[in-house]
Amino acid sequence: MKKKDLMNLTLGIITSIGGFLEVGSMATAATAGALFGYKLLWAIFFSTLGLIFLIEMSGRFAAVSKRALADAVRERFGFVFTIVPRLLEVLVNLLVLAAEIGGVCLAIKLVTGWPIVALAIPIALLLWLVIWFGTLSWIENSTAILGLMTIAFVVAAWKLHPDPHELLRGFVPSRPSEGAAKYWFLAVSIAGSTISPYMFHFYSSGAVEEKWDEESLTSNRLTAIGGMGFGCLMSIGVLIVSARVFLPLHIQVDSYEQLAVVLSPVLGRWGFPLFAGSLGVCCFGAAAELALSTGYLIAQTFGWNWGEDRRPLEEARFSATYSIVIVLAAVIMTTGLDPLKLTLFSMALTAVILPAVIVPFLLLVNDEHYVGKHVSGWIGNTVVVIVVLVASVIALVAIPLELAGGS
Amino acid sequence: MKLVRDVLDKQIRGRDGEKLGKVDGIILELREGEPPRVAYLELGSATMARRISRRLERWAIVLNRKLGVRRPRYRIAFDRVLAYEVDVKVDIDTRTSPAFAWERWFRDHIIRRIPPG
Amino acid sequence: MKRQLHLELLLGREVFKADGEKAGRIEEVVAEQRNGEWIVKEFLIGTFGVMERFSIHHFGSTILRRLGAKGASPSAQRVKWNDLDLSDPDRPRLKS
């Protein structure tokens, strides 16, 4: 493997750690395991499948057309069409960013006992400093290395010896015997936490910034499968551990504090710090990715300079934008909103807006004017359309049910 | 050249490669008995807002006037277009262009004041 | 007398035939270079044609156009610049 390929793989793994295994995936997978055992494994599997295709498409699109996704959507479909989905996306990003900052605060709270409301501002400041002074590759590499900590979940899952037959059954969609509303709500939350639109913007902007070309296509494919596969495996690990630990005890998980002890029965005294560490690193990575991604989205809508590797002085509006976004998200967290509820809700909301983001994107990666002969194959197109449509339809039904009957 | 596909809503870059904005509008000049001339590219918040509604355009104009940093719309003569491939490249010095006024404002009034800007 | 017209506002405008019937919407403006100037050669007027019915890609683009997206349909009709009367830009008319 060439050095450039390796670098691309790092971008994939960071996109995966920051975008896949973050507070959303951890919360949804753990809650799903605790309530329904292995029954929702299929939701992780199918959304990952959709995600792999979508990540591959956004990398390929950027490499061949030399355009970041948000730039291309405005160019191809025009300002009028673009503005509403953009606004929705920025709004959802803001909620998810708040949830991620909440996740970092929570990781610290678990260890120190300090309240989230007091931690939100200092954590946001730290996040801002990292983005302001850091370079893309520095942020990528440190998150990727620290994120390897999450392997703890797979190790724990392995040590718990899950029944392979029962596991495999979980990959086939089935109806729950009870709690149907919660079940479907969790299924779409899993889809929303896995297929996050900000990941495509982050990944395609990174690919443009690192000047990918047609030679990058093979490594792009490997990265999509490897990086997202890695994230998927970790999520499955979380679900299995949670199912094995919580389900037999009939514990209704409704706060992060309960989730925190999930690793302890298996990994002993290392369990708790590893959980807090994984949560903190993943959420921090995701928060960095979200703040940048929202900056890219806005800068690419209006045509400003952007890029994580330029100095803030050379891209004043872009830098100001992500700074404001971080402040707003921190303010949301200081209101004392319950971070677990905020997370689950914003993940389901992501699933609702998915079609508005994915449909234009699909048309672009199938447009010869932009990608020449590198248009998408029918398998990828079909998988993406089915996953996205099913997720958003279930979301539209499940969210009102959850809000009406749920907690 | 297909004006909608190849020019409108594309990224504009100046001579120096800096990003100046997007092609928010294109001005055609109608002439008696002759084909319309493609006269200007237009960019700015008022041009963008007008594409959504007249009311939004009025708000953009008032807001720009109050803030006094940049004109609500700004035109680039079409014969300054050097290339239109991935981006529309124009023969304009970005750093002194009025279209870059907000970028300069943010740089000088906010970013530069943040240590160690 | 020279009159100026915003191309971006012309997009999606309904075009009427001489008899008042709808001909389609303005989707694209084609320009060419002549004596160092760019001039408008023709307009593309789109309808929901056969191509749009049988290709998912084109069908999808058509739906998005209804939601305000720009872009030209493959079955769009070419109209020479002097066959389109733009004296009232809110109501463009075909001359013949």
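Odds and ends about this structure:
- Tabulated pairs, the stretch B:35-57, first more than 17 Å from B:Val81 (Cβ to Cβ), second β-branched (Val, Ile, Thr) and part of a helix (DSSP H, G or I), C-beta under 6 angstrom, 6+ apart or interchain: B:Ala46/B:Ile61; B:Arg51/A:Val80
- Residues satisfying the stated conditions in the stretch B:58-90, i.e. farther than 18 Å from C:Gln33 by Cα and among the acidic types (Asp, Glu): B:Asp87
- Residue pairs meeting the criteria (Cβ under 8 Å; at least 6 apart or on separate chains; first under 12 Å from B:Tyr84 (Cα atoms), in the stretch B:5-22; second small (Gly, Ala, Ser) and part of a strand (DSSP E or B)): B:Leu8/B:Gly25; B:Ile12/B:Gly21
- Here the stretch A:353-379 is the region considered, the condition is being surrounded by fewer than 20 Cβ atoms within 10 Å (Cβ to Cβ) and more than 14 Å from chain C (Cβ to nearest Cβ), and the residue that is farthest from A:Lys66 (Cα to Cα) is A:Ile353.
- Within the stretch C:1-25, if we keep just the residues that are at the interface with another protein chain (Cβ under 7 Å from one of its Cβ atoms) and assigned to a strand (DSSP E or B), the residue that is modelled with the lowest pLDDT turns out to be C:Arg3.
- Listed by position, the helices (runs of 4 or more DSSP H) inside the stretch A:153-272 whose residues that are within 21 Å of the chain's Cα centre (by Cα) number at least 1 are A:180-194, A:197-209, A:217-246, A:256-259.
- Taking helices (runs of 4 or more DSSP H) as the structural unit, those lying wholly within the stretch A:312-385 and holding at least 3 residues that are within 21 Å of A:Ala124 (Cα to Cα) correspond to A:316-334, A:339-365.
- Only listed residue being within 12 Å of another protein chain (Cβ to nearest Cβ) and at positive phi, chosen from B:Gly68, B:Gly25, B:Gly44, B:Gly14: B:Gly44
- Qualifying residue in the stretch C:50-62 (condition: part of a strand (DSSP E or B) and crowded, with 18+ Cβ neighbours inside 10 Å): no
- Inter-residue pairs, beta-carbon under 8 Å, first under 28 Å from B:Asp6 (Cα atoms) and in the stretch A:366-392, second small (Gly, Ala, Ser) and not in a loop (DSSP other than H, G, I, E, B), 6+ apart: A:Tyr370/A:Ser65; A:Tyr370/A:Ala72; A:Val371/A:Ser65
- Among the candidates A:Trp128, A:Trp132, the residue that is more than 18 Å from the chain's Cα centre (by Cα), under 30 Å from A:Val64 (Cα atoms), within 14 Å of another protein chain (Cβ to nearest Cβ) and of a type outside the set (Ser, Thr, Tyr) is uniquely A:Trp132.
- Of residues in the stretch B:25-38 being touching a helix residue (DSSP H, G or I) at 6+ places or on another chain (Cβ under 6 Å) and hydrophobic (A, V, I, L, M, F, W, C), the one nearest to B:Met1 (Cα to Cα): B:Val38
- Any hit, the stretch C:26-42, residues being more than 10 Å from every other protein chain (Cβ to nearest Cβ) and either in a strand (DSSP E or B) or closer than 21 Å to A:Glu75 by Cβ (or both): no
Conditions (1) buried (at least 21 other Cβ atoms within 10 Å of the Cβ); (2) polar (S, T, N, Q), marked per residue:
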position	(1), (2)
A:Phe284	yes, no
A:Leu292	yes, no
A:Gly295	yes, no
A:Leu313	no, no
A:Arg317	yes, no
A:Thr321	yes, yes
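- Residues being in a helix (DSSP H, G or I) and either under 18 Å from the mean Cα position of the chain (by Cα) or of a type in the set (Gly, Ala, Ser) (or both) - total across the stretch A:36-72: 25
- Within the stretch B:96-117, the set of residues being touching a residue at least 24 places away in the same chain (Cβ under 8 Å), within 15 Å of the chain's Cα centre (by Cα) and farther than 21 Å from C:Leu7 by Cβ comprises B:Ser97, B:Pro98, B:Phe100, B:Ala101, B:Trp102.
- Listed by first and then second residue, the pairs with beta-carbon distance under 7 Å, at least 6 apart or on different chains, first residue in the stretch C:70-93 and more than 14 Å from chain A (Cβ to nearest Cβ) and of a type in the set (D, E, K, R), second part of a loop (DSSP other than H, G, I, E, B) and surrounded by 13 or more Cβ atoms within 10 Å (Cβ to Cβ), are C:Asp85/C:Pro92.
- If you go through the stretch A:40-97 and keep only what is among the basic types (Lys, Arg) and either closer than 16 Å to C:Leu64 by Cβ or within 14 Å of another protein chain (Cβ to nearest Cβ) (or both), you end up with A:Lys66, A:Arg67, A:Arg74, A:Arg76, A:Arg86.
- Here C:Ser55 does not fit the description of being out of contact with any strand residue (DSSP E or B) (no Cβ under 9 Å at 6 or more places or on another chain) and within 7 Å of another protein chain (Cβ to nearest Cβ).
- Sole residue being under 30 Å from A:Gly134 (Cβ atoms) and either touching a residue at least 24 places away in the same chain (Cβ under 8 Å) or surrounded by fewer than 20 Cβ atoms within 10 Å (Cβ to Cβ) (or both), chosen from B:Asp93, B:Asp87, B:Asp79: B:Asp87
- Test: residue in the stretch C:67-82 that is more than 30 Å from A:Val385 (Cα to Cα), in a strand (DSSP E or B), at pLDDT 85 or above and not basic (Lys, Arg): yes
The values are calculated or read from the model by the stated rules, or taken from the named source; none is laboratory data. Treat the numbers as computed from the prediction; the structure is a model and nothing was measured. Reconstructed Cβ throughout: ideal geometry from the backbone, glycine too, with neighbour counts over all protein chains shown.
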